[in-house]
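Colleague: Attaching a single structure in structure tokens format; questions to follow.
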């Protein structure tokens, strides 16, 4: 699954799953565009680490909820690296709350960042991906898109929308050498999960046949496969990376 100098843009890659994914792709030989909104320091640290490892990387700042900023981001990446071969739509936010109490702004902000941004970026990137020998889009959804989750109507709707967007774009561009797939992470270990009471952690663990929480690396490996040339006949799919939590 070597990158062989192909160019990939990973949004929201200054931390968490995005950071691990960008690092993994850099290790595989991709030239990596590291995207951030506010975390300039961590983004630059990742870029420095990738360069120290012999890779090529650059950090780019953009508010991906803005369609003009998405257009400008893709243009800047393509100009810096001489093209674009793959896009990983990972950027996302949460604004949790019960539906009866959810503010309009909380609904709008999550849909704009988690769903609309993926469309804006994909639309801009496709002009370059269609010229690539193996154009790839990978959308980072969530298992909540497949099972729902109380208190997250906005987040669930956005992540479910990503699954639909994945299928639509896969049908539109699969015949032109561009594949579009999604990953749906399950319960991924983080500072947030570490802070949960032990009884809550155990309750979640009982739902996971693998018997453990996932790691950002688990998701990064799945994304790396879908971005690779070897995944050229995988299109329009949503791969749950959840230890078996959700099964069709």
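Each value in this text was obtained by applying a stated rule to the coordinates, not by laboratory testing. These numbers were taken from a predicted model, which means no experiment stands behind them. Every residue, glycine as well, gets a Cβ built from its backbone with ideal geometry; the counts of neighbours run over all protein chains shown.
Colleague: Need the full-extension length gain, residue 189 to residue 171, defined as separation in residues times 0.36 nm minus the C-alpha distance. One decimal, nm. Spell out each step's value before the answer.
Modeller: On the way: separation 18, 0.36 × 18 = 6.48 nm, distance 3.37 nm.
So the chain would gain 3.1 nm between residue 189 and residue 171.
Colleague: A follow-up question, please. Please report 204, 155 as a ranked list, fewest other C-beta atoms within 10 angstrom at the top and most at the bottom.
Modeller: On the way: 204 14, 155 24.
Ordered from fewest to most neighbouring Cβ atoms within 10 Å, 204, 155 come out as 204, 155.
Colleague: On to the next question. What does the extension gain come out to for residue 215 and residue 2, with contour length at 0.36 nm per residue minus their alpha carbon separation? Present the calculation step by step, with values, prior to reporting the outcome.
Modeller: Numbers: separation 213, 0.36 × 213 = 76.68 nm, distance 2.19 nm.
Length gained, residue 215 through residue 2: 74.5 nm.
Colleague: I would also like to ask the following. Which order do 27, 104 fall in if you start with the one that has the fewest other Cβ atoms within 10 Å? Walk me through the numbers on the way to the answer.
Modeller: Numbers: 27 16, 104 7.
Listing 27, 104 from fewest to most nearby Cβ atoms yields 104, 27.
Colleague: Figure the gain on full extension for residue 27 and residue 68 (residue separation times 0.36 nm, minus the Cα-Cα span) and round it to one decimal in nm.
Modeller: On the way: separation 41, 0.36 × 41 = 14.76 nm, distance 3.11 nm.
Result: 11.7 nm gained on full extension.
Colleague: Past the 18 angstrom mark, what percentage of all C-alpha to C-alpha distances in the stretch 1-120 do you count? Provide the component values of the computation, followed by the final result.
Modeller: Details: 3592 of 7140 pairs.
Value for the stretch 1-120: 50 percent of Cα pairs lie more than 18 Å apart.
Colleague: On to the next question. For the pair residue 95/residue 123, report the inter-label distance in nm, with labels modelled 7 Å from Cα in the Cβ direction.
Modeller: Result: 2.1 nm between the two label points.
Colleague: Could you please tell me the mean projected area of the C-alpha convex hull for the chain, averaged over all directions and given in square nanometres to one decimal? Let's see the in-between values first.
Modeller: Values: hull surface 52.4 nm².
For the chain, the mean projected area of the Cα convex hull comes to 13.1 nm².
Colleague: Same structure, new question: As I understand it, the value is the acute angle between the Cα axis of helix 67-81 and the longest principal axis of the Cα atoms of the chain; what does it come to in degrees, rounded to 10?
Modeller: Relative to the chain, helix 67-81 is tipped by roughly 50 degrees.
Colleague: Scale the Cα Rg of the stretch 156-248 by the rule-of-thumb value 2.2 N^0.38 Å and send over the ratio, two decimals. Write out the running numbers ahead of the final one.
Modeller: Numbers: Rg = 15.4 Å, N = 93, 2.2 N^0.38 = 12.3 Å.
This ratio for the stretch 156-248 stands at 1.25.
Colleague: Moving to a separate point now. What's the angle, to the nearest 10 degrees (0 to 90), between helix 16-27's Cα axis and the longest principal axis of the chain?
Modeller: Helix 16-27 sits roughly 30 degrees off the main axis of the chain.
Colleague: For labels at residue 76 and residue 109 in the simple 7 Å Cα→Cβ model, what's the distance in nm?
Modeller: Spacing of the two 7 Å Cα→Cβ label points: 2.2 nm.
Colleague: Any idea how far apart residue 51 and residue 229 come out in nm if each label point goes 7 Å out from Cα toward Cβ?
Modeller: 2.8
Colleague: Another question about this same structure. Sequence gap at least 6, Cα distance under 8 Å: using those rules, report the relative contact order of the chain to the nearest whole percent. Walk me through the numbers before you get to the answer.
Modeller: On the way: 495 pairs, mean separation 48.3, N = 248.
In percent, rounded to a whole number, it is 19.
Colleague: Further, regarding this structure: Hey, what angle do you get for helix 216-227 against the long axis of the chain, alpha-carbon based, 0 to 90 degrees rounded to 10?
Modeller: Helix 216-227 and the main axis of the chain meet at about 40 degrees.
Colleague: Moving on to the next point. What list do you get for 35, 221 if you sort them by fewest beta carbons within 10 Å?
Modeller: Details: 35 26, 221 16.
Ordered by Cβ neighbours within 10 Å, fewest first: 221, 35.
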